[in-house]
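The values are calculated or read from the model by the stated rules, or taken from the named source; none is laboratory data. None of the values given here were measured: they were computed from a predicted structure. Reconstructed Cβ throughout: ideal geometry from the backbone, glycine too, with neighbour counts over all protein chains shown. The accessibility values were calculated without ligands, DNA or RNA, using every heavy atom of the protein model including side chains. Shrake-Rupley method; radii C 1.70, N 1.55, O 1.52, S 1.80 Å.
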Amino acid sequence: MDTWWTEPVTSLKGIGKKRAAAFERLEIRTIADLLNYYPRPDSYIDFSHLKSIRELAVDGSRQIFRAELMNVTDRYSPRVRQYSVVLVRDDTGYAELFFFGAQRYYLRRLQPGMDVLVTGRVKPGRSAAKTVSEANISPLDEESLAHAMGILPVYSLTESLTQQQLRSAEKQALDLAAERGLPETVPRAILARYHFPDRLTALRNIHFPASPEAFRQAKRRLVYEELFLLQCGLLLNRERNYDGRRGVNHKRDGALIKAVLANLPFQLTAGQQQAWRDISGDMEDVHPMHRLLQGDVGSGKTVLAALALAKAAENGYQGCMMAPTGILARQHFQTLSSFFAGTGVRLALLTSNTKASARREILQGLADGSLQLLIGTHAVLQEDVQFRHLSLVVTDEQHRFGVSQRGRLAAKSDFAPDVLIMTATPIPRTLALTVYGDIETTVMRGRPPGRKQVETLCYTGDMRRKVYEGMVRQIRAGRQVYVVCASIEESETQEGVRSVNEVYEELKRTWLQGIPCALLHGRMKAAEKETVMEAFAAGTVKALIATTVVEVGVNVPNATIMIIENADRFGLAQLHQLRGRVGRGSCQSYCVVLTDNKDPDTLARLAVLRHSEDGFALAQKDLELRGAGQLFGLRQHGLPDLRLADILRDTDVLLMCRKDAQGALTNPELRQELLAGTANLFDSRFAGIFNS
């Protein structure tokens, strides 16, 4: 088939190298990328429903209106720094449009007296003028009016592109699709079953809807397509990982399990006991275990990993546990070594820093079976790491590993090994289904005995001085402190956000003068990060100023204060994760969330954190307030972003797609049609999961 859609956007009229660079910033490189770059779902312009300013409802909803531009004023405030206000009017009233960060650069091309189209969220203003936030403004010239025969799309833009330029490119791409043909990505039997339009019709009506009903049908089909392809890709990956190999039928708990339990410095909680019953039962079944263990922050998941590894070892097999960082792997190794002390079980730690001689010894022990348990980082995935009898794979904080890595450990066994995935990130069932595929879930609640509740305090920036005075008092008393920031450096698109570099330099000059402190963020080299975390864990660094890289970190019982700057920039679930870094010792610990945002809704959201330590309840609240993408983005898992589908809103469609994907892949004709369509990779977002 003619794969014209793989041609670069420069093959279209009016797109040279300079404009192609602007498209590149939107991740549009090919004609296929262009066709799959959908308009913003709530920003279509229906020229039959343009409102006057007087008719705009001041309820925060997104609306569209036509007006005359009066002036553009640059302003400054300590909270948000530079911003711009655009004043517009019509015969019925005035409105003020607010622009921040990179949005402001687009305003340079606007002139007083221009006729403009405005979309945005409308609220009451401080004066007679209405306020419009999240605004988009574009000149309404004769060319725009000539194309305004119905409903026009509004796209997210980079500063050097206009709506008209993007619309023109989309129309050319759609004309090419009509002329040269498009591959289908959903089997025709499924299209007929749900009365979906064909792909070309769907794309035409998502970009330039012929009517509201045509748009609804197009969106319905394309939402289904995104979720269907995602599920097919996940199921195919699962097939590749297990490819018919038999599982391991472990025997009932024996002497080694009892010995490990006797080595624990505490009794298992009720939640841990139930979790172990689930895991042990799975491991005794010949069908391979594929279980997600969700344990709230500090619930004691490592103990469950130890028992599962013990079960593998006492049955004559090997187990492997993989962690996302070297320091976390090292911590797991030390903890597990104490649990297995005196049992005769041989453990080893493998990271990128393992010396060559020790590495050779580890590889030999794995190959001949004398080394029963391996704890490590991504280093365990290397080709020369070969096991004699691997029956259990444990991954900690699995969301730090991409989907293409998920089965590579499992492929190192002659069997289909049992897989235990552990995470402290609360994942609703639907999201777990989306990311992990066929999986059983155990939710483990409660915390081990002796851990005190972390006291959570919420303050506005006015209280920053008192907060940092308290921090110094804790350090002088021998404790340690985390200070977490939302960004690495100052950003034009995040006005008012205190960067980690800025806070580190400021604290070093003032409150932390003479106190050992360190900086930690994701752009540092892995070795630098390890050194900093080791120094903090050892107590030589008293204050760690960091980004969210500490969200999954080491156990530092002496750390008693977590200060989170610009807390309004984080979701509740992530704030809860960060709070879990403290409260791990016997001393009372505190989490202080600081915000310069005094919006009542923002403060009410943060107050929820004060009254709940239930990560699952907070995750559910996050879902309600911020949506699934904010809580649990797909890209970090090596999965494609969803452009139209919303996992929370489209739960029913997701479950339907799951069932349809299973049916399509077990039906030889549908499977062949599906794979033939996806082999063309019209939508390159899904190439990773279909080709991994």
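Taking first residues from region 273-287 that are closer than 20 Å to Ser299 by Cβ and partners that are surrounded by fewer than 17 Cβ atoms within 10 Å (Cβ to Cβ), the Cβ contacts under 9 Å between residues at least 6 apart in sequence or on separate chains come to Asp278/Glu440; Ser280/Arg252; Asp282/Glu440. So, Leu392, is that one more than 22 Å from Asp296 (Cα to Cα), modelled with pLDDT of 70 or more and assigned to a strand (DSSP E or B) or not? In short, yes. Scanning region 202-245 for residues that are out of contact with any Asp or Glu (no Cβ under 9 Å at 6 or more places or on another chain) and open to solvent by 60 Å² or more (accessible area, probe 1.4 Å) turns up Arg204, Ala210, Glu213, Arg216, Arg220, Glu239, Arg240, Asp243, Gly244. A residue that is charged (D, E, K, R) and crowded, with 19+ Cβ neighbours inside 10 Å occurs somewhere in region 22-44. Condition first: at pLDDT below 85, among the β-branched types (Val, Ile, Thr), open to solvent by 70 Å² or more (accessible area, probe 1.4 Å) and out of contact with any Asp or Glu (no Cβ under 6 Å at 6 or more places or on another chain). Can you find one or more residues in region 493-509 that meet it? Yes - at least one qualifying residue is present in region 493-509. If we scan region 86-94, do we find a residue that is assigned to a strand (DSSP E or B), on the phi < 0 side of the Ramachandran plot and buried (at least 19 other Cβ atoms within 10 Å of the Cβ)? For region 86-94, residues assigned to a strand (DSSP E or B), on the phi < 0 side of the Ramachandran plot and buried (at least 19 other Cβ atoms within 10 Å of the Cβ): present. Search region 73-82 for residues being at pLDDT 80 or above and open to solvent by 60 Å² or more (accessible area, probe 1.4 Å), and hand back the single one that is farthest from Ser138 (Cα to Cα). Step by step, filter region 73-82, then rank; the result is Arg75.
The residue of region 651-692 that is modelled with the lowest pLDDT, among those that are of a type outside the set (A, V, I, L, M), open to solvent by 20 Å² or more (accessible area, probe 1.4 Å) and in a loop (DSSP other than H, G, I, E, B), is Ser692. The numbered conditions (1) assigned to a helix (DSSP H, G or I); (2) modelled with pLDDT under 95; (3) small (Gly, Ala, Ser) are all true for Gly298 except (1).
Screening the candidates Arg66, Arg54 for the property of being among the basic types (Lys, Arg) and either at pLDDT 90 or above or in a loop (DSSP other than H, G, I, E, B) (or both) yields one hit, Arg54.
Residues checked against (1) among the aliphatic types (A, V, I, L, M); (2) over 18 Å from Val186 (Cβ atoms):
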| residue | (1), (2) |
| --- | --- |
| Ile206 | yes, no |
| Glu213 | no, yes |
| Ala218 | yes, no |
| Arg221 | no, no |
| Glu226 | no, no |
| Cys232 | no, no |
| Leu236 | yes, no |
| Arg246 | no, yes |
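The set of residues from region 11-26 being within 25 Å of the chain's Cα centre (by Cα) and within 25 Å of Ile151 (Cα to Cα) comprises Phe23, Leu26.
Once region 522-558 is narrowed to residues that are open to solvent by less than 20 Å² (accessible area, probe 1.4 Å), of a type outside the set (Val, Ile, Thr) and not in a helix (DSSP H, G or I), the residue that is farthest from Leu575 (Cα to Cα) is Gly539. Yes or no: region 190-209 includes at least one residue that is hydroxyl-bearing (Ser, Thr, Tyr), assigned to a helix (DSSP H, G or I) and at pLDDT 95 or above. Looking for residues that are hydroxyl-bearing (Ser, Thr, Tyr), assigned to a helix (DSSP H, G or I) and at pLDDT 95 or above, one finds at least one in region 190-209, hence yes. Selection of region 246-273 for residues being open to solvent by 20 Å² or more (accessible area, probe 1.4 Å), under 29 Å from Gly344 (Cβ atoms) and within 34 Å of the chain's Cα centre (by Cα) yields Arg246, Leu268, Thr269, Gln273. Based on this model, can you work out whether Ser160 counts as open to solvent by 40 Å² or more (accessible area, probe 1.4 Å), in contact with a Pro (Cβ under 9 Å, 6 or more places away or on another chain), within 28 Å of Leu117 (Cβ to Cβ) and not in a helix (DSSP H, G or I)? Here the answer is no, as Ser160 does not meet what is asked. Taking the criterion of being open to solvent by 10 Å² or more (accessible area, probe 1.4 Å), more than 14 Å from Thr325 (Cα to Cα), in contact with a strand residue (DSSP E or B) (Cβ under 8 Å, 6 or more places away or on another chain) and not small (Gly, Ala, Ser), the only residue of region 364-382 that qualifies is Gln372. Only a single item in (1) farther than 30 Å from Arg121 by Cα; (2) open to solvent by less than 50 Å² (accessible area, probe 1.4 Å) is not met by Ile53, and it is number (1).
Comparison of Arg199, Arg188 shows that the only residue that is of a type in the set (Lys, Arg) and open to solvent by 10 Å² or more (accessible area, probe 1.4 Å) is Arg188. Out of the residues in region 603-647 meeting the condition of being among the polar types (S, T, N, Q), in a helix (DSSP H, G or I) and surrounded by 14 or more Cβ atoms within 10 Å (Cβ to Cβ), tell me which one is modelled with the lowest pLDDT. Here the residue is Gln630. Applying the criterion of being within 18 Å of Tyr155 (Cβ to Cβ) and either part of a strand (DSSP E or B) or among the charged types (D, E, K, R) (or both) to the residues of region 98-109, the residue that is nearest to the chain's Cα centre (by Cα) is Phe99. For Glu455, state whether it is under 22 Å from Asn566 (Cα atoms) and either open to solvent by less than 20 Å² (accessible area, probe 1.4 Å) or modelled with pLDDT of 90 or more (or both). Yes: the conditions hold for Glu455.
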